[in-house]
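Let me begin by presenting the structure, written as C-alpha cells, before commenting on it.
Every read-out reported here was derived from the displayed coordinates using simple, explicitly stated rules and does not represent laboratory data. Computed from a predicted structure; not experimentally measured. All Cβ positions, glycine included, derive from the backbone under ideal geometry; neighbour counts span all protein chains shown.
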Amino acid sequence: MSGRLKGKRAFVTAASAGIGRACAIAFAREGAYVYASDINASAFDDLKKAGVAETFKLDVLSTEAVNEAAKHTGKIDILLNAAGFVHHGTVLECSDKDWDFSFDLNVKSMHRTIKAFLPAMLAAGGGSIVNIASAAGVLKAAPNRYVYGATKAAVAALTRAIAADFITKGIRCNCICPGTIETPSMLGRASAQGPDGMKNFVARQPLGRLGTAEEIAMLAVYLASDESSFTTGGAHVADGGWTL
C-alpha cells in the first residue's frame, strides 16, 4: 500500500463485481476507509477480506435507500458511481420500459447519490466524484448500443454540470470512459453471442486484448486522489485505442 488515499473515506456503488468491485478494493489498498454497496450482497465477504471497511446492500434505484446510506456514512471524500446496465439493440428494439430503466440505473442513480452525498462534502470543504461512463456514447457510437450510448453521453454531461456548478467549492467531478473491459457482465454478453462472441469483442480492440477492471480502478484512484487536484469535468478515456 502506497497510501495515496490515506485518511479518505470513499463510497462505491455496484461494488460486488466488475469495475465497482475493482475500485472498492483499489481504494482500500491505497488506504481509504471504503463503504462498498451493491444490490447483490453475495460478494461482500470477499470484499471485507480485501480490506473494504463496510459493506451493505443498496438499491440505487431507490432515492430513500440512497438518502439513508448517506445518513449512515456521513461525510465522505470520494464518491465512485459504477452502477449501470448495457442494453443491446437499436431504437427499434428499445421499448419505453427499456429506455426508462436504462436512464434510471445509468444516470438517475448518479443524480441520487450525488444529491445525497454532496451536501456533507460541501460542508467539509471538498471531495472527488468519479462516474463510470463509457467510450461508447461519449466519444463514439457503437452498433446496437442505442439507449446505452445515450445514457453514457448523459453521464458525461452530468459530470461536467457538477464540475461547473461546484468548481469554487472544492468539489471535483470526473468521469471515466472505458472501452471493452473484461467483467462478468461483459462475459455474459459475449457468451450470448455464441462461440465467436469473445473473439468479436477482442477484435474491436486495437490493442488486441480486453481491458481489465483493475486498469480502470487505477485511473479511478488517480481521480479520487489529491494527485488530480487540478483535474475536473473531464471524460477520461481508457479504451485500448478504440476511439482513435
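Could you tell me what a quarter of the Cα convex hull surface of the range 1-131 works out to, in nm² with one decimal place? Display every interim value, and only then the final one.
Numbers: hull surface 33.1 nm².
It is 8.3 nm².
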Please state the relative contact order of the range 86-183 as a whole percent: Cα pairs under 8 Å, 6+ residues apart? 37
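Stretched out fully, how many nm does the piece from V91 to A164 gain, at 0.36 nm a residue minus the Cα gap?
23.1 nm
Would you work out the relative contact order for the range 53-131, in percent, from Cα pairs under 8 angstrom that are 6 or more residues apart?
Numbers: 71 pairs, mean separation 37.0, N = 79.
Dividing the mean separation by the residue count of the range 53-131 yields 47 percent.
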Tell me which residues come under 5 Å, amide H to amide H, from I76 once H is placed; ignore anything under 5 positions away on its chain. M121
Report, largest value first, the span of the C-alpha coordinates of the chain along each principal axis, in whole Å. 49, 36, 34
By the DSSP-based rule, helices of the chain that are at least 30 Å long along the axis (C-alpha) and have a mean Kyte score of at least 1.0 are none
How long, wide and thick is the range 121-236, going by the Cα atoms along their three principal axes, in whole angstroms, largest first? 53, 26, 22
Students often check this: by mean Cβ neighbours within 10 Å, which of 120-130, 46-56 ranks highest, and how do the rest follow? 120-130, 46-56
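Ranked from highest to lowest mean number of other Cβ atoms within 10 Å per residue, what is the order of the peptides 31-43, 141-153?
Result, highest mean Cβ count within 10 Å first: 31-43, 141-153.
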Label points 7 Å out from Cα along the Cβ direction at D226 and K71: separation in nm? 3.3
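In percent, how large is the relative contact order of the chain, given Cα pairs closer than 8 Å and 6 or more residues apart?
On the way: 504 pairs, mean separation 48.4, N = 244.
For the chain, the relative contact order is 20 percent.
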Kindly write out, for the range 133-139 in residue order, the coupling ³J(HN,Hα) from the Karplus curve 6.51 cos²θ - 1.76 cosθ + 1.60 (θ = phi - 60°), rounded to whole Hz, with x marking Gly and Pro. 9, 6, 5, 6, x, 7, 10
